[in-house]
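Below you will find the structure I want to go over with you.
The values are calculated or read from the model by the stated rules, or taken from the named source; none is laboratory data. Computed from a predicted model, the values in this text were never measured in an experiment. Please note: Cβ atoms are built from the backbone with ideal geometry, for glycine as well, and neighbour counts cover all protein chains shown. Surface areas here come from the heavy atoms of the whole protein model, side chains and all, with no ligands, DNA or RNA. Shrake-Rupley method; radii C 1.70, N 1.55, O 1.52, S 1.80 Å.
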Amino acid sequence: MLKLIKNGTILTPKGLIKADILICNDKIIGINSSITTSNLKLPCEELDASNQFVLPGIIDQHVHLIGGGGESGFSSRTPEVQVSKLVKAGITSVLGLLGTDSATRHVESLYAKVKALDEEGISAYMVTGSYRVPSPTITDSVYKDVVFIDKVLGCKIAIADHRASHLSVEELIRIASEVRVASMLANKPGIIVVHMGNSKETLKRIDQALEKSDIPIKHFLPTHVNRNDNLLNDAIKFALKGGSIDLTSGVDPNLGAKGAVNPSKAIIQALEAGVNLDQLTLSSDGNGSIPEFDDNGNMSGMGIAGFDSLLGTIRELIAAGLPLEKSWNTVSSNVASRLKLDDRGCLEINQMADLVFLNEADLALTLTMAKGKVLFKQNEYCVKGTFE
(Lines give C-alpha, C1' and ligand atoms only; values in the text may rest on other atoms or scores of the structure.)
Protein backbone atom coordinates (compact mmCIF):
# COMPACT_ATOMS: atom_id res chain seq x y z
CA MET A 1 0.00 0.00 0.00
CA LEU A 2 1.33 3.41 -0.97
CA LYS A 3 0.83 6.60 1.04
CA LEU A 4 1.79 10.09 -0.08
CA ILE A 5 2.23 12.90 2.42
CA LYS A 6 1.89 16.25 0.63
CA ASN A 7 2.76 19.86 1.48
CA GLY A 8 4.40 19.29 4.87
CA THR A 9 7.41 20.88 6.53
CA ILE A 10 9.60 17.81 6.94
CA LEU A 11 12.32 17.36 9.56
CA THR A 12 15.22 15.62 7.80
CA PRO A 13 18.80 15.06 9.01
CA LYS A 14 19.65 18.26 7.12
CA GLY A 15 16.95 20.30 8.85
CA LEU A 16 13.40 21.43 8.08
CA ILE A 17 12.41 21.44 4.41
CA LYS A 18 9.19 21.73 2.42
CA ALA A 19 8.77 18.32 0.82
CA ASP A 20 6.51 15.36 0.08
CA ILE A 21 7.07 11.86 1.47
CA LEU A 22 6.20 8.63 -0.35
CA ILE A 23 5.67 5.53 1.77
CA CYS A 24 5.38 1.92 0.66
CA ASN A 25 4.06 -0.44 3.33
CA ASP A 26 6.19 0.41 6.40
CA LYS A 27 9.14 2.21 4.78
CA ILE A 28 9.87 5.66 3.37
CA ILE A 29 10.78 5.25 -0.30
CA GLY A 30 10.85 8.85 -1.47
CA ILE A 31 11.34 12.43 -0.23
CA ASN A 32 11.18 15.23 -2.77
CA SER A 33 9.96 18.77 -3.19
CA SER A 34 7.06 17.46 -5.26
CA ILE A 35 6.00 13.84 -5.72
CA THR A 36 3.16 12.74 -7.98
CA THR A 37 1.69 9.25 -8.24
CA SER A 38 -0.56 9.75 -11.27
CA ASN A 39 1.68 7.50 -13.39
CA LEU A 40 1.57 4.66 -10.86
CA LYS A 41 -0.89 1.81 -11.29
CA LEU A 42 -0.99 1.05 -7.57
CA PRO A 43 -3.59 2.65 -5.28
CA CYS A 44 -2.20 5.47 -3.17
CA GLU A 45 -3.68 7.16 -0.10
CA GLU A 46 -2.87 10.87 0.08
CA LEU A 47 -2.44 12.76 3.36
CA ASP A 48 -2.40 16.56 3.35
CA ALA A 49 0.19 17.98 5.74
CA SER A 50 -0.34 21.67 4.90
CA ASN A 51 0.66 23.92 7.81
CA GLN A 52 2.05 20.87 9.62
CA PHE A 53 5.47 19.84 10.79
CA VAL A 54 6.13 16.21 9.82
CA LEU A 55 8.54 14.74 12.37
CA PRO A 56 10.01 11.35 13.28
CA GLY A 57 7.84 9.45 15.75
CA ILE A 58 8.76 9.75 19.42
CA ILE A 59 10.90 6.96 20.88
CA ASP A 60 10.13 6.79 24.60
CA GLN A 61 12.87 4.75 26.27
CA HIS A 62 11.44 4.62 29.79
CA VAL A 63 7.88 3.31 30.17
CA HIS A 64 6.35 0.99 32.77
CA LEU A 65 4.42 -1.01 30.20
CA ILE A 66 2.94 -3.52 32.66
CA GLY A 67 2.49 -0.92 35.38
CA GLY A 68 4.55 0.24 38.32
CA GLY A 69 3.99 1.50 41.79
CA GLY A 70 3.01 -0.63 44.75
CA GLU A 71 4.75 1.53 47.36
CA SER A 72 1.48 1.89 49.27
CA GLY A 73 0.15 -1.64 49.09
CA PHE A 74 -1.37 -3.77 46.37
CA SER A 75 -4.08 -1.25 45.54
CA SER A 76 -1.42 1.29 44.55
CA ARG A 77 -0.13 -0.82 41.64
CA THR A 78 -0.59 1.12 38.41
CA PRO A 79 -2.30 -0.62 35.45
CA GLU A 80 -0.81 -1.81 32.16
CA VAL A 81 -0.39 0.81 29.48
CA GLN A 82 -2.82 0.93 26.56
CA VAL A 83 -1.45 1.44 23.06
CA SER A 84 -3.93 4.30 22.51
CA LYS A 85 -2.27 6.28 25.33
CA LEU A 86 1.07 5.97 23.57
CA VAL A 87 0.01 6.91 20.04
CA LYS A 88 -2.04 9.86 21.31
CA ALA A 89 1.25 11.22 22.69
CA GLY A 90 3.10 10.64 19.39
CA ILE A 91 5.02 7.59 20.63
CA THR A 92 5.77 5.08 17.89
CA SER A 93 8.56 3.11 19.60
CA VAL A 94 8.86 2.30 23.28
CA LEU A 95 11.29 0.67 25.72
CA GLY A 96 9.65 -1.07 28.68
CA LEU A 97 11.10 -1.85 32.10
CA LEU A 98 10.21 -2.84 35.63
CA GLY A 99 10.14 -0.47 38.60
CA THR A 100 10.18 -0.89 42.36
CA ASP A 101 8.06 -4.02 42.30
CA SER A 102 9.65 -7.17 40.91
CA ALA A 103 7.65 -9.45 43.21
CA THR A 104 4.22 -9.06 41.61
CA ARG A 105 5.64 -7.79 38.30
CA HIS A 106 7.80 -10.08 36.18
CA VAL A 107 10.14 -9.67 33.22
CA GLU A 108 8.33 -12.54 31.50
CA SER A 109 5.10 -10.52 31.64
CA LEU A 110 6.96 -7.48 30.38
CA TYR A 111 8.20 -9.49 27.40
CA ALA A 112 4.64 -10.60 26.63
CA LYS A 113 3.46 -6.97 26.75
CA VAL A 114 6.28 -5.89 24.43
CA LYS A 115 5.23 -8.54 21.90
CA ALA A 116 1.58 -7.50 22.26
CA LEU A 117 2.35 -3.85 21.51
CA ASP A 118 4.24 -4.96 18.41
CA GLU A 119 1.13 -6.80 17.28
CA GLU A 120 -1.04 -3.76 18.04
CA GLY A 121 0.96 -1.51 15.73
CA ILE A 122 3.98 0.11 17.35
CA SER A 123 7.56 -1.05 17.95
CA ALA A 124 8.41 -2.18 21.47
CA TYR A 125 11.56 -3.30 23.29
CA MET A 126 12.62 -3.90 26.89
CA VAL A 127 15.44 -4.21 29.36
CA THR A 128 15.73 -7.04 31.84
CA GLY A 129 16.32 -6.48 35.56
CA SER A 130 14.70 -4.09 38.04
CA TYR A 131 15.58 -2.17 41.20
CA ARG A 132 16.52 -5.49 42.79
CA VAL A 133 19.90 -7.23 42.63
CA PRO A 134 20.38 -10.09 41.80
CA SER A 135 18.44 -9.00 38.75
CA PRO A 136 15.23 -10.80 37.86
CA THR A 137 15.63 -12.31 34.38
CA ILE A 138 13.90 -14.61 31.91
CA THR A 139 16.77 -17.07 31.37
CA ASP A 140 18.19 -16.80 34.93
CA SER A 141 21.05 -14.75 33.46
CA VAL A 142 21.35 -11.10 32.45
CA TYR A 143 24.03 -12.22 30.00
CA LYS A 144 21.76 -14.76 28.29
CA ASP A 145 18.73 -12.46 28.29
CA VAL A 146 20.65 -9.88 26.27
CA VAL A 147 22.27 -12.44 23.96
CA PHE A 148 19.29 -14.62 23.12
CA ILE A 149 16.08 -12.61 23.59
CA ASP A 150 15.50 -10.36 20.61
CA LYS A 151 13.61 -7.64 22.43
CA VAL A 152 16.02 -7.30 25.37
CA LEU A 153 18.44 -4.41 24.77
CA GLY A 154 20.13 -4.26 28.19
CA CYS A 155 19.49 -4.28 31.92
CA LYS A 156 18.03 -1.98 34.56
CA ILE A 157 19.43 -1.32 38.03
CA ALA A 158 18.78 1.30 40.71
CA ILE A 159 21.21 3.28 42.85
CA ALA A 160 21.06 6.25 45.21
CA ASP A 161 17.53 5.28 46.28
CA HIS A 162 16.20 3.87 49.55
CA ARG A 163 14.20 1.33 47.48
CA ALA A 164 17.31 -0.01 45.72
CA SER A 165 19.36 -3.10 46.65
CA HIS A 166 22.43 -0.96 47.45
CA LEU A 167 24.65 -3.06 45.21
CA SER A 168 28.40 -2.77 45.66
CA VAL A 169 30.71 -1.22 43.09
CA GLU A 170 32.04 -4.72 42.35
CA GLU A 171 28.50 -5.97 41.67
CA LEU A 172 27.90 -3.02 39.38
CA ILE A 173 31.07 -3.79 37.45
CA ARG A 174 30.07 -7.44 37.12
CA ILE A 175 26.61 -6.58 35.75
CA ALA A 176 28.12 -4.01 33.38
CA SER A 177 30.65 -6.54 32.13
CA GLU A 178 27.92 -9.12 31.45
CA VAL A 179 25.83 -6.57 29.56
CA ARG A 180 28.82 -5.35 27.56
CA VAL A 181 29.97 -8.77 26.37
CA ALA A 182 26.41 -9.91 25.67
CA SER A 183 25.75 -6.79 23.61
CA MET A 184 28.88 -7.41 21.57
CA LEU A 185 27.77 -10.95 20.78
CA ALA A 186 24.22 -9.91 19.89
CA ASN A 187 25.07 -6.55 18.25
CA LYS A 188 22.87 -4.64 20.68
CA PRO A 189 23.37 -1.34 22.50
CA GLY A 190 23.95 -3.02 25.86
CA ILE A 191 22.48 -0.19 27.88
CA ILE A 192 22.39 -0.24 31.65
CA VAL A 193 19.44 1.94 32.58
CA VAL A 194 20.40 3.34 35.97
CA HIS A 195 17.42 4.55 37.97
CA MET A 196 18.64 7.50 40.03
CA GLY A 197 16.99 8.29 43.35
CA ASN A 198 17.27 11.28 45.65
CA SER A 199 20.21 10.09 47.76
CA LYS A 200 23.14 12.45 48.25
CA GLU A 201 25.32 9.68 46.78
CA THR A 202 24.17 10.68 43.26
CA LEU A 203 26.41 9.05 40.60
CA LYS A 204 29.39 8.23 42.80
CA ARG A 205 28.94 4.47 42.43
CA ILE A 206 29.01 4.73 38.63
CA ASP A 207 32.08 6.96 38.80
CA GLN A 208 33.82 4.41 41.01
CA ALA A 209 32.90 1.55 38.68
CA LEU A 210 34.39 3.46 35.75
CA GLU A 211 37.57 4.18 37.73
CA LYS A 212 38.00 0.54 38.81
CA SER A 213 37.25 -1.08 35.45
CA ASP A 214 37.64 -0.54 31.73
CA ILE A 215 33.90 -0.71 31.02
CA PRO A 216 33.16 2.04 28.45
CA ILE A 217 31.07 4.88 29.79
CA LYS A 218 28.61 4.48 26.90
CA HIS A 219 26.94 1.49 28.55
CA PHE A 220 25.63 3.48 31.52
CA LEU A 221 22.47 5.55 31.09
CA PRO A 222 21.55 7.41 34.29
CA THR A 223 17.89 8.43 34.18
CA HIS A 224 15.69 10.80 36.22
CA VAL A 225 18.79 12.98 36.55
CA ASN A 226 16.68 16.14 36.89
CA ARG A 227 15.30 14.78 40.18
CA ASN A 228 17.25 17.44 42.16
CA ASP A 229 19.94 20.08 41.67
CA ASN A 230 22.84 18.05 43.08
CA LEU A 231 22.03 15.03 40.94
CA LEU A 232 21.69 17.17 37.82
CA ASN A 233 25.03 18.87 38.45
CA ASP A 234 26.79 15.51 38.86
CA ALA A 235 24.99 14.14 35.80
CA ILE A 236 26.29 17.06 33.75
CA LYS A 237 29.82 16.22 34.94
CA PHE A 238 29.21 12.63 33.88
CA ALA A 239 28.10 13.81 30.42
CA LEU A 240 31.16 16.04 30.10
CA LYS A 241 33.25 12.88 30.54
CA GLY A 242 31.50 11.41 27.50
CA GLY A 243 28.43 9.75 28.97
CA SER A 244 24.79 10.11 27.97
CA ILE A 245 22.10 11.20 30.41
CA ASP A 246 18.34 10.81 30.30
CA LEU A 247 16.03 13.48 31.66
CA THR A 248 12.49 12.68 32.70
CA SER A 249 9.70 14.87 31.40
CA GLY A 250 7.39 13.69 34.18
CA VAL A 251 9.88 14.67 36.90
CA ASP A 252 8.87 18.30 36.98
CA PRO A 253 8.05 20.66 39.86
CA ASN A 254 5.15 21.92 37.74
CA LEU A 255 3.72 18.38 37.89
CA GLY A 256 4.18 18.03 41.64
CA ALA A 257 7.70 16.58 41.80
CA LYS A 258 9.11 18.39 44.82
CA GLY A 259 12.73 19.49 44.55
CA ALA A 260 12.97 18.51 40.89
CA VAL A 261 14.47 20.60 38.11
CA ASN A 262 12.11 21.38 35.25
CA PRO A 263 13.26 19.07 32.41
CA SER A 264 13.47 21.80 29.76
CA LYS A 265 15.51 23.99 32.11
CA ALA A 266 17.73 21.00 32.91
CA ILE A 267 18.43 20.40 29.21
CA ILE A 268 19.26 24.07 28.64
CA GLN A 269 21.51 24.01 31.73
CA ALA A 270 23.37 20.97 30.38
CA LEU A 271 23.85 22.58 26.98
CA GLU A 272 25.12 25.80 28.55
CA ALA A 273 27.61 23.74 30.56
CA GLY A 274 29.06 22.34 27.33
CA VAL A 275 27.25 19.01 27.00
CA ASN A 276 26.62 18.03 23.38
CA LEU A 277 22.97 17.81 22.40
CA ASP A 278 23.40 14.25 21.13
CA GLN A 279 24.27 13.13 24.68
CA LEU A 280 20.86 14.20 25.98
CA THR A 281 17.64 12.21 25.77
CA LEU A 282 14.16 12.78 27.15
CA SER A 283 11.81 10.06 28.38
CA SER A 284 8.47 10.07 30.18
CA ASP A 285 8.69 7.44 32.97
CA GLY A 286 5.12 6.97 31.77
CA ASN A 287 2.65 4.72 33.56
CA GLY A 288 4.90 4.58 36.60
CA SER A 289 3.91 5.73 40.04
CA ILE A 290 4.99 9.09 41.42
CA PRO A 291 5.32 8.47 45.16
CA GLU A 292 6.15 11.24 47.60
CA PHE A 293 7.94 10.51 50.87
CA ASP A 294 8.26 12.61 54.03
CA ASP A 295 11.47 13.14 56.00
CA ASN A 296 10.86 9.91 57.91
CA GLY A 297 10.57 7.80 54.77
CA ASN A 298 6.80 7.48 54.97
CA MET A 299 4.85 7.80 51.75
CA SER A 300 2.77 10.95 51.82
CA GLY A 301 1.25 10.93 48.34
CA MET A 302 0.95 8.98 45.08
CA GLY A 303 0.42 9.91 41.45
CA ILE A 304 0.80 8.23 38.06
CA ALA A 305 2.99 9.52 35.26
CA GLY A 306 1.41 10.26 31.89
CA PHE A 307 2.89 10.84 28.45
CA ASP A 308 1.77 14.37 27.53
CA SER A 309 4.78 15.76 29.40
CA LEU A 310 7.06 14.79 26.48
CA LEU A 311 5.44 17.18 24.02
CA GLY A 312 5.03 19.74 26.81
CA THR A 313 8.78 19.71 27.43
CA ILE A 314 9.53 20.04 23.70
CA ARG A 315 7.28 23.12 23.54
CA GLU A 316 9.08 24.60 26.56
CA LEU A 317 12.47 23.97 24.95
CA ILE A 318 11.37 25.77 21.80
CA ALA A 319 10.04 28.68 23.86
CA ALA A 320 13.42 28.79 25.64
CA GLY A 321 15.22 29.22 22.32
CA LEU A 322 16.18 25.67 21.30
CA PRO A 323 14.62 25.31 17.82
CA LEU A 324 12.33 22.44 16.92
CA GLU A 325 14.89 20.78 14.68
CA LYS A 326 17.22 20.45 17.70
CA SER A 327 14.69 19.95 20.50
CA TRP A 328 13.07 17.05 18.67
CA ASN A 329 16.35 15.12 18.60
CA THR A 330 15.99 14.45 22.34
CA VAL A 331 12.98 12.21 21.66
CA SER A 332 13.96 10.84 18.24
CA SER A 333 17.40 10.57 16.66
CA ASN A 334 19.35 10.76 19.93
CA VAL A 335 17.29 7.93 21.39
CA ALA A 336 17.48 5.85 18.21
CA SER A 337 21.25 6.18 18.24
CA ARG A 338 21.43 5.25 21.92
CA LEU A 339 19.31 2.12 21.39
CA LYS A 340 20.92 1.21 18.03
CA LEU A 341 17.57 1.46 16.25
CA ASP A 342 19.17 2.25 12.94
CA ASP A 343 15.95 2.20 10.90
CA ARG A 344 14.14 4.97 12.77
CA GLY A 345 14.63 8.31 14.52
CA CYS A 346 14.88 10.40 11.36
CA LEU A 347 12.97 10.89 8.13
CA GLU A 348 14.93 9.69 5.12
CA ILE A 349 14.70 7.01 2.45
CA ASN A 350 14.69 3.39 3.72
CA GLN A 351 13.75 4.46 7.25
CA MET A 352 10.70 3.08 9.04
CA ALA A 353 7.58 5.14 8.32
CA ASP A 354 7.15 6.22 11.96
CA LEU A 355 6.12 9.86 12.09
CA VAL A 356 3.88 12.48 13.62
CA PHE A 357 2.21 15.68 12.43
CA LEU A 358 2.28 18.78 14.62
CA ASN A 359 0.41 22.00 13.84
CA GLU A 360 2.89 24.70 12.90
CA ALA A 361 0.83 27.27 14.84
CA ASP A 362 0.59 25.64 18.28
CA LEU A 363 2.59 22.38 17.99
CA ALA A 364 -0.51 20.33 18.78
CA LEU A 365 -0.27 16.72 17.65
CA THR A 366 -2.73 15.86 14.89
CA LEU A 367 -1.51 12.52 13.50
CA THR A 368 0.59 9.54 14.55
CA MET A 369 1.79 6.96 12.02
CA ALA A 370 3.71 3.82 12.98
CA LYS A 371 5.04 1.22 10.54
CA GLY A 372 3.28 3.08 7.75
CA LYS A 373 -0.17 2.89 9.35
CA VAL A 374 -2.11 5.85 10.71
CA LEU A 375 -2.95 5.02 14.34
CA PHE A 376 -4.21 8.42 15.55
CA LYS A 377 -5.62 11.33 13.56
CA GLN A 378 -7.39 14.54 14.56
CA ASN A 379 -8.14 13.33 18.11
CA GLU A 380 -9.57 10.04 16.88
CA TYR A 381 -8.04 6.60 17.29
CA CYS A 382 -7.71 4.74 14.02
CA VAL A 383 -6.42 1.66 15.85
CA LYS A 384 -6.97 0.62 19.45
CA GLY A 385 -5.58 -2.14 21.60
CA THR A 386 -7.23 -5.55 21.57
CA PHE A 387 -9.30 -4.92 24.71
CA GLU A 388 -9.85 -1.17 24.40
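Would you look at the GNM of the chain, springs on alpha carbons closer than 10 Å, and say which of Asp20, Asp145, Asp48 moves the most?
Highest fluctuation of the listed residues: Asp48.
Please check: in the Gaussian network model of the chain (C-alpha springs, under 10 Å), which one of Ser33, Ser249, Ser141 has the largest mean-square fluctuation.
Among Ser33, Ser249, Ser141, the largest mean-square fluctuation in the Gaussian network model of the chain belongs to Ser33.
Still on this structure: Under 20 Å from the Cα of Lys384, which aspartates and glutamates turn up, not counting those fewer than eight places away in the same chain?
Asp26, Asp60, Glu80, Asp118, Glu119, Glu120, Asp308, Asp354
Related question: Taking a ≥ b ≥ c as the square roots of the eigenvalues of the Cα gyration tensor of segment 339-388, is the shape rounded (a/c under 1.5), prolate (a/b larger than b/c) or oblate?
It comes out oblate by the Cα gyration axes.
Separate question: Which residue fluctuates the most in the chain, going by a Gaussian network model with Cα springs under 10 Å, if the choices are Leu42, Leu255, Leu247?
Looking only at Leu42, Leu255, Leu247, the biggest GNM fluctuation is shown by Leu42.
Two decimals is fine: what is log10 I(q)/I(0) at q = 0.18 Å⁻¹ for segment 101-251, from a Debye sum with one equal scatterer on every Cα and no solvent?
Log10 I(q)/I(0), no solvent term: -1.09.
For the cross-link pairs Lys88/Lys377; Lys115/Lys151; Lys3/Lys41; Lys188/Lys326; Lys85/Lys188; Lys144/Lys371, which exceed 18 Å when the distance is taken from alpha carbon to alpha carbon?
As for pairs spanning more than 18 Å Cα to Cα, those are Lys188/Lys326; Lys85/Lys188; Lys144/Lys371.
Accessible surface of Lys18 in the full protein assembly, 1.4 angstrom probe, to the nearest 10 Å²?
Counting only protein heavy atoms, the figure is 130 Å².
With a 1.4 Å probe and all protein chains left in place, how much accessible area per residue does the chain have, in Å²?
That works out to 41 Å² per residue.
Quick check of the Kirkwood formula: for segment 137-205, what is the inverse mean of 1/r over all pairs of different Cα atoms, in Å?
Across segment 137-205, the inverse of the average 1/r is 12.5 Å.
Expressed as a rounded percentage, what relative contact order does the chain have, with Cα pairs under 8 Å and six or more residues apart?
20 percent
What net charge is computed for the residues neighbouring Gly15, neighbours being all others with C-beta under 10 Å from the C-beta of Gly15, Lys and Arg scored +1, Asp and Glu -1?
Charge balance in the 10 Å sphere: +1.
With the calculation restricted to Cα positions, what are the radius of gyration and Dmax of the chain in angstrom?
My reading of the Cα-based Rg and Dmax gives 20.4, 72 Å.
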